[in-house]
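See below for the structure under consideration.
The values are calculated or read from the model by the stated rules, or taken from the named source; none is laboratory data. Note that the structure is a prediction, hence the values are computed from the model and not measured. Quick reminder, even Gly has a Cβ in these numbers, built from the backbone with ideal geometry, and neighbours come from all protein chains shown.
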Amino acid sequence: MRRVRDGSRTGRARAAAAAAVGVVLLAALTTGCKATPTGPAAPPGAAASAPDDAKPSGSAGVPSPSATPPASPSARPSPRPRTLMSVGDRSRRVRELQARLRQIGHFDRSPTGYYGTATAASVRSFQGKRELPRTGRTDTVTWRRLLAMTRKPTAKELDPPAVKPVARPDARCMTGRVLCISKNSRTLSWMIDGRVVSAMDVRFGSQYTPTREGTFSVYWKSRHHVSTLYDTPMPYAMFFSGGQAVHYSSDFAARGYSGASHGCVNVRDEGKIASLFAQVKNGDKVVVYW
């Protein structure tokens with residue numbers, strides 16, 4: 001009987017041991033299905049961190065060295081000067097520009113109101129002396145500087161009788177309505193009964209195309225005339241001898257006496273000849289003399 005009991009005890013012990021081994025094997029199979037991270041295990045209680053490429057490049061409140069800082073208002077470029085007047089312009093403002101330049105010795109002729117090469121050269125001279133860009137154009141900076149250095153021109157400065165002194169009138173000019181034109185003084189005087197109403201600078205034809213001398217009369221007026229021979233504008237033309245006329249010349253306004261006409265009497269002040277054109281009538285006398 002004792003042996004039987006011992007055998008049963010042994011059987012029960014072996015059964016218990018087998019059961020324990022089964023529990024261990026079951027636990028091992030269960031844990032083997034769980035994914036294991038490839039990196040080292042984080043310490044207990046440590047918060048999971050984002051991968052490196054998800055982290056901001058700089059710490060909180062501190063910009064990254066590669067970040068571009070915003071442009072400050074003071075670093076913005078100032079606006080470029082705006083052009084107010086340039087070659088080819090005609091206006092009272094151009095006349096004022098010329099009068100102001102003449103006040104300080106940068107323009108050596110009577111204001112014409114036409115912005116030609118002579119005016120551009122005068123503006124460049126002014127700009128160069130004030131260390132401004134020598135463009136020859138009158139921009140906002142140049143104009144403000146000129147205004148600060150000069151005074152408002154008088155009516156006589158804006159519309160002088162003529163740059164050159166008016167010549168003593170020829171005896172033929174002393175009666176009636178006469179365009180009295182002196183080659184010697186290079187002036188035209190508009191006279192009525194011996195009184196000079198207005199005067200202006202003029203230039204004549206070259207030695208190859210001279211302006212005729214003598215007594216004539218205006219036989220045709222053409223406000224917007226264009227030469228059929230030279231295809232050039234002859235505004236405010238007043239014809240007195242064949243194809244020769246008194247008319248405005250933008251070339252004269254721009255270049256002065258460095259040029260010449262093809263026989264006509266050129267006037268460089270457009271405002272003055274416009275006024276003269278309105279007063280002169282067909283039949284009025286024209287006297288051209290030395």
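Numbers for the structure displayed
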quantity	calculated
Top-ranked residue of the stretch 160-208 - restricted to ones that are at pLDDT 95 or above and among the acidic types (Asp, Glu), ranked as nearest to Phe107 (Cα to Cα)	Asp170
Hey, Phe216 within 30 Å of Ser91 (Cβ to Cβ) and among the hydrophobic types (A, V, I, L, M, F, W, C) or not	no
Residue within the stretch 64-81 that is at pLDDT 50 or above, surrounded by 10 or more Cβ atoms within 10 Å (Cβ to Cβ) and under 20 Å from Leu146 (Cβ atoms) present	yes
Checking Glu270 against (1) closer than 25 Å to Ser91 by Cβ; (2) in contact with a His (Cβ under 9 Å, 6 or more places away or on another chain); (3) not small (Gly, Ala, Ser), the condition it does not meet	(2)
Which listed residue, of Tyr236, Tyr219, is without any contact (Cβ under 8 Å) to a residue 60 or more places away in the chain, among the hydroxyl-bearing types (Ser, Thr, Tyr) and outside the structural domain of Pro111 (by TED's automatic domain parsing)	Tyr236
Top-ranked residue of the stretch 198-243 - restricted to ones that are charged (D, E, K, R) and over 19 Å from Ser275 (Cβ atoms), ranked as nearest to the chain's Cα centre (by Cα)	Asp231
Boolean, Lys183 is basic (Lys, Arg) and crowded, with 16+ Cβ neighbours inside 10 Å	yes
Hits in the stretch 100-146 (condition: of a type in the set (Phe, Trp, Tyr) and within 14 Å of the chain's Cα centre (by Cα))	Trp143
Count of the stretch 263-290 residues which are buried (at least 18 other Cβ atoms within 10 Å of the Cβ) and either without any contact (Cβ under 8 Å) to a residue 12 or more places away in the chain or in contact with a Phe, Trp or Tyr (Cβ under 7 Å, 6 or more places away or on another chain) (or both)	9
Hits in the stretch 253-262 (condition: of a type outside the set (Lys, Arg), touching a residue at least 12 places away in the same chain (Cβ under 8 Å) and outside any strand (DSSP E or B))	Ala253, Ala254, Gly256, Tyr257, Gly259, Ala260, His262
